[in-house]
Amino acid sequence: MFSNESINIWSHLVGFFYFCYLLLVDNLVRIPEHNGSFSDHAVLSSLLIGYMVRNIIYYIYTCIENFMR
């Protein structure tokens, strides 16, 4: 039915879309509610995007590493 890797991919894809949702809500709603500056938007965006990119690179690297064994 579903393999462990399939569940792993789908769970990370759901997490990716959740972080995209958080990025949009925080930048469009939360920060303006508190009169945030551009630097607040930049820091929040870079942290969330950096976290997502780091996870993508990590999982691609481990997948390639396991494939090469």
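Nothing in this text is a laboratory measurement; each read-out follows from the coordinates by a stated rule. Small disclaimer: the values here were computed from a predicted structure and weren't measured. Glycine also receives a Cβ, built like all others from the backbone with ideal geometry; neighbour counts cover every protein chain displayed.
Approximating the spin labels as points 7 Å out from Cα along Cα→Cβ, the Y61-to-L22 distance works out to 2.1 nm.
Using only the alpha-carbon atoms, how far is helix 38-68 inclined from the longest principal axis of the chain? Give it as 0 to 90 degrees, nearest 10. Rounded to the nearest ten degrees, it is 0. Listed options for percent of Cα pairs over 17 Å apart are [x] 54; [y] 42; [z] 66. The value calculated from this structure is the one marked [x].
Could you give the angle, 0 to 90 degrees to the nearest 10, between helix 4-25's Cα long axis and the longest principal axis of the Cα atoms of the chain? Helix 4-25 sits roughly 10 degrees off the main axis of the chain. If you take all other residues with their beta carbon under 10 Å from the beta carbon of L44, and give Lys and Arg +1 and Asp and Glu -1, the sum is -1.
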